[in-house]
Amino acid sequence: MRSLETLTLLFLLLTISVFFIDKKRFKFLLLLMATIGSLIAQYFIEGLRWQFAPCVYLLIVMYIIHRLNKNSVKLIYRALVSIWYVIAAALPIIIPVFSLPTPQGNHAVGTEVFHWVDSSKSEWFTPEKLEDYRETMVQFWYPGVLKSKQEPEPYMDYIDLRAVAIAEAGKLPSFLPSHLNLVETNSYKNLQYQSANENIPVVVFSHGLTGSRFLHQSLFEHLASYGYAVVAIDHSYDCNLTVFPNRRTANYRSDITGHPDSIRIRKQQMITRTNDVLFVLDQLEKIQSSKIRSNLNGRLNLQKIALGGHSYGGATAILSAQRDKRIQLCFALDGWINPLPDSIIENGLNVPVMYMGRPSWGDSDYPSNYSKLDNLMRSTRSVKYYLIIKETLHLDYTDVPLYSPIIKYVVDVGNLPSSISVSTVNRLVKGFLDSHLMNKPDEEFRSILSNPLIVNL
């Protein structure tokens, strides 16, 4: 928990103690006011979140009981207040304002956001609209220089819109994710990049179905701090919610659960996603030549481009790497292989590839996923890594394990502590990029691969 949150709960506990054992009204009121003061400080300094609403109501209830029972507090009231405090203290702990891991590289992390329209492509998801062109939101994370005190960027923008979409996806109350705007990142808006000679290698990333560019920020910040520029795409209508300038939105329209022809539809849909990737590669060339204004004008090394993705984004990365020679290597995080065209699986890849994922897809809707992957890896003639990470599930390859210590009881998160799962994924990706995109000595990568958690098939 954050420091003022801890202080508030401590003051509240002291208030309850006096409420139980001390008949003197002065001490109780003094501690009551101290707790209220701490809550007010939270509001202005850290941001007060809904998880502390039970604390506020508990203070009101205790004051009323104290007024009605000046000489002593009945046993039933003591039991009620005690149970209420346990709930009030537990909520901020099990649903915390979590922290992203501190990047270990030498660079500060800068970020900038772009809204791009591909006027050569009609929007696949909106057949009801004529002349509706494909739009994407794209965010960069890159190595920069922090020259003055600057507030880091929030984990998500437009939280009032996104909280509703996230809650609907998980069939949860709309207020539940609203605290995510209080999560600070290690990224700073529009930092300058300073280097005399070195251009930045590029990593383009594609999220999974119902995902977004925000779900992998620990990885993006990790890579950026070590000198990579990460370019993450929000695939409109595949994304949980894409928010364009002026608060226009593209909601998730990809739910075909139970459709008997779902794989064929996903294969068609992947063409749209792949076109997004290739369009972004074209835009990177415009950034490099300064046709699009950016802090990275003239700073990108477009001879060193990697492409990665999670789940459906992993398949997108593989297909895009096959289609475009600008991509030098690719990686898939628990990638969903089934929608890939048969020709890709039969012919394999011509660039280095790394797949990492959970031990089994047997209990999913697509139990044949790994048999498809086996065929793809056998047909790939370039450098390849086929890694299974023990005790992981699908969302261990995102930031989601950081959200709560009990998150594994709610969504597909495995048994590894979040610090281990997130760190393992981040280090593997960096090691792979260092070794096979930048041709750096791979001793560290080899040491990571020797981790007993990892099975190298």
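We did not get these values from a lab; they are worked out from the coordinates using the rules stated. Just so it is clear, the structure is predicted and the values come from calculations on it, not from any experiment. Reconstructed Cβ throughout: ideal geometry from the backbone, glycine too, with neighbour counts over all protein chains shown.
Distance from the Cα centroid of the stretch 171-237 to that of the stretch 134-170 is 7 Å (rounded to whole angstrom). When the helices of the chain are scored as -39500 (n - 2.57) per DSSP H run of n ≥ 4 and the total is divided over every residue, the value at 222 nm lands at -12500 deg cm²/dmol.
Computed FRET efficiency, Cβ-Cβ of Lys286 and Leu29, R0 51 Å: what is it to the nearest 0.05?
The calculated FRET efficiency here is 0.20.
Exposure proxy for Tyr237, Tyr57, Tyr409: other Cβ atoms within 10 Å of each Cβ, ordered fewest to most, give Tyr409, Tyr57, Tyr237.
Here the Kirkwood formula, the inverse mean of 1/r across different C-alpha pairs, assigns the chain a hydrodynamic radius of 24.0 Å.
Extension gain for Ile406 to Lys325 (0.36 nm times residue separation, less C-alpha to C-alpha distance): 24.8 nm. For helix 53-68, report the angle its Cα long axis makes with the longest principal axis of the Cα atoms of the chain; keep it between 0 and 90° and round to the nearest 10°. It works out to around 10 degrees. Packing order of peptides 272-281, 306-315, highest average first: 306-315, 272-281 (average count of other Cβ atoms within 10 Å over each peptide's residues). In this structure, the residue pairs whose Cα-Cα separation is over 29 Å, taken from Lys325/Lys440; Lys121/Lys291; Lys267/Lys325; Lys147/Lys430; Lys121/Lys147, are Lys121/Lys147. With everything on Cα atoms, drop me the angle between helix 159-169 and the longest principal axis of the chain, reported from 0 to 90° to the nearest 10. The two axes meet at around 80 degrees.
Computed from the Cβ-Cβ distance with R0 of 51 Å, the FRET efficiency linking Leu130 to Ser368 stands at 0.85.
Please order Glu112, Glu198, Glu168, Glu5 by the number of other Cβ within 10 Å, starting at the fewest.
Placing the least packed residue first, the sequence is Glu198, Glu168, Glu112, Glu5.
Of all lysines in the structure, the ones whose alpha carbon falls short of 23 Å from that of Lys74, not counting any fewer than 8 places away in one chain, are Lys23, Lys24, Lys27.
Think of the chain as having a plus end and a minus end, set by charges on the Cβ of Lys, Arg, Asp and Glu; of Ser294, Leu12, Ile159, Leu12 sits farthest toward the positive end of this dipole.
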